[in-house]
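Working notes for the structure below.
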Amino acid sequence: MRILAISGSLRASSTNSALVRATIALAPEDIECLIYTGLAELPHFSPEIDDEKSPATVVSLREQLKAADGIIICTPEYAFGVPGSLKNALDWTVSTGDLWDKPVAAISASPLATGGDKAHASLLLTLKALGAKVPENAKLTVPIIKKKLNAEGEISDPETKQALQTVMDTLVQAMEHSAITS
Ligand code: FNR
């Protein structure tokens, strides 16, 4: 089975990308984990170019989502919402239903005590519209993220690591359940 992980931040030293790396490091050995790297290259969504001649970057996103049994999304909050680049990627999946019935873990992180809760709520609403399955224990907000990193920018806080382990275990369970029932 395979997990595709997406960070909603384009920053090189992103704390959400650090969370993505820390989460996939907790996956069982027999699960292949890939990180999606195409977010910045996607064109702005328009229904007028959403046809059989969709841009190659969009086709690639859709193929990577379809080939994954589970998805992890870690997002920052920008102006109380999900970053435009992440929302743009999700909009490209509406017509093809790539996330329909797909187990998804939804994580947000912020340097603030809110943990990016508004972006998290907005992400969950979008995932609902896309028909994704987000198990309760695969939802996580991480507040004060900068205190949870070591000097190398890795997640070092034991409580956060435990919370990420719960997210990963829940996602894998949902993936296994989907594999049996589909
Ligand atoms: C932010 N940040 C922010 N944080 C938050 O909790 N709520 C918010 O609404 C916003 N809005 C916002 C807007 C803009 C334009 C920027 C640049 C930043 C702070 C943000 O959480 C912080 O920069 C994170 O470190 C971004 O995540 P990455 O890049 O570290 O993953």
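Some notes on this structure:
- Helical contribution to [θ] at 222 nm, DSSP H n ≥ 4, -39,500 (n - 2.57), averaged over the chain, rounded to 500: -12000 deg cm²/dmol
- Rg(Cα)/(2.2 N^0.38 Å) for the range 1-99, N = residue count: 1.09
- For the chain, the C-alpha radius of gyration divided by 2.2 N^0.38 Å, with N the number of residues, is 0.97.
- Here the gap between SER156 and LEU112, fully extended at 0.36 nm per residue and compared with their Cα-Cα distance, gives a gain of 14.1 nm.
- Neighbour cut-off at most 14 other Cβ (10 Å), DSSP loop, GluC sites (Glu not before Pro), the range 19-64: GLU29, GLU52
- DSSP-loop chymotrypsin sites (Phe, Trp or Tyr not before Pro) across the range 62-113, with at most 15 other Cβ within 10 angstrom: PHE80, TRP100
- Selection of trypsin sites (Lys or Arg not before Pro), the range 26-71, meeting DSSP coil and at most 15 other Cβ within 10 Å: LYS53
- Rounded to 5, percent antiparallel among DSSP beta bridges of the range 68-145: 10
- Fully extending the segment from GLU52 to GLU136 would add 26.7 nm, taking 0.36 nm per residue of separation and subtracting the current Cα-Cα distance.
- Counted over the chain, the DSSP beta bridges are approximately 10% antiparallel.
- Cα gyration tensor category, rounded, prolate or oblate, for the range 67-106 with a/c compared to 1.5: oblate
Quick note: the coordinates plus some simple rules give every number you see, no bench work behind them. Predicted model, so just to flag it, every value in this text is computed and none were measured. Every residue, glycine as well, gets a Cβ built from its backbone with ideal geometry; the counts of neighbours run over all protein chains shown.
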